[in-house]
Amino acid sequence: MMNTQTRSPAPAVAPEDVRLGSGEMFDAIAHRYDFLNRIISLGIDQRWRRRTVDALRVSAGHHVLDVATGTADLAILTAKRTGAQVTGVDPSVNMLKHGQVKVDKRGLPISLVCGDAQDLTFADDTFDGATIAFGIRNVPDRARGLAEMNRVLKPGARLAVLELSEPRAGILGPLARFHIHHVVPFLGALISGNKEYRYLQKSIADFPPPQAFASLMTDAGFRVTEVTPLTFGVCCLYVGEAS
Ligand SMILES: C[S@@+](CC[C@H](N)C(=O)[O-])C[C@H]1O[C@@H](n2cnc3c(N)ncnc32)[C@H](O)[C@@H]1O
């Protein structure tokens, strides 16, 4: 069952008041999110998610936290691939509702909870692993979100962060930048009619380069063990061990 008790559903807000990247923004696009995700990432997103799950090194009997779980794709993959129990957290009630339908269909040990990465409602040292896919970009205070994940992880447990980044070098860099700056907003606007996909492009361009983000993880108490660019640097996988 989805637990929305920890935080009340987002109140109705005028579109101009919706903070881009927030739970309210994702509430508005939740019904198209999975479809758009596959198109925009050219179907590669599930391959990236598998890498993320494997980086955790968890198995049956472990408990994994998936932050910014959205429609629960990564939570589902983690439960299926490892046998671990998964708790997914996200502030968007609508994204969670779509995720809950998918979880129920598969009968997996996943619970979805409404909440914010910056203020996790779990006790210290609760989880054996944590993930956040395409989510840390949306967290206003990333340092605080990372510190919260460090707090709820057991010492030595792994955090795997999957995030889009702007490819800055390499022969395919210009092609990937063209995809992010032109193809993504065009497809997003065409299919959804929303300005949110402009936000996606801008938020990717504004995200710190991999080494700078890895430093943020270190500052939050993680020992960073891996920073791996994926698919010509369009995406990056960061892995760290909690202290
Ligand atoms: C691009 S979606 C990613 C969803 C999912 N992880 C995936 O792989 O498809 C970003 C998610 O971040 C969530 N989000 C926004 N602000 C957040 C916050 N402060 N704390 C946690 N999640 C947040 C949104 O509601 C949205 O579901």
Point to revise | Among the candidates 54, 34, residue that is farther than 23 Å from residue 115 by Cα and either surrounded by 14 or more Cβ atoms within 10 Å (Cβ to Cβ) or modelled with pLDDT of 95 or more (or both) | key: 54
**Study point:** Which numbered condition residue 51 misses (of (1) in a helix (DSSP H, G or I); (2) near the ligand (Cβ under 8 Å from one of its atoms); (3) not hydroxyl-bearing (Ser, Thr, Tyr))
**Key:** (2)
Revision key, fill the gap. Quick count over segment 20-53, residues being of a type outside the set (S, T, N, Q) and out of contact with any strand residue (DSSP E or B) (no Cβ under 9 Å at 6 or more places or on another chain), is 20
Point to revise | Odd one out for residue 167, checked against (1) of a type outside the set (A, V, I, L, M, F, W, C); (2) buried (at least 17 other Cβ atoms within 10 Å of the Cβ); (3) in a loop (DSSP other than H, G, I, E, B); (4) under 16 Å from the mean Cα position of the chain (by Cα) | key: (4)
Review point. Given the residues 22, 59, 41, which is the only one that is more than 8 Å from the ligand (Cβ to nearest atom), surrounded by fewer than 23 Cβ atoms within 10 Å (Cβ to Cβ) and within 27 Å of residue 151 (Cβ to Cβ)?
Key: 59
Study note, to complete from the structure: Filter segment 101-157 for residues that are assigned to a loop (DSSP other than H, G, I, E, B) and among the charged types (D, E, K, R); the one that is least open to solvent (accessible area, probe 1.4 Å) is 116
Revision key, fill the gap. Note on residue 238: of the conditions (1) open to solvent by less than 50 Å² (accessible area, probe 1.4 Å); (2) touching a Pro at 6+ places or on another chain (Cβ under 8 Å); (3) at pLDDT below 95, unmet is (3)
Exercise for review: Name every residue in segment 73-98 that is within 17 Å of residue 24 (Cα to Cα) and either without any contact (Cβ under 8 Å) to a residue 60 or more places away in the chain or aromatic (Phe, Trp, Tyr) (or both), in order of residue number.
Suggested key: 89
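The values are calculated or read from the model by the stated rules, or taken from the named source; none is laboratory data. Since this is a predicted model, take the numbers as computed values, not measurements. Don't worry about glycine lacking a Cβ; one is built from the backbone with ideal geometry, like all the others, and counts go over all protein chains shown. Note: areas computed on protein heavy atoms with side chains; ligands, DNA, RNA excluded. Shrake-Rupley method; radii C 1.70, N 1.55, O 1.52, S 1.80 Å.
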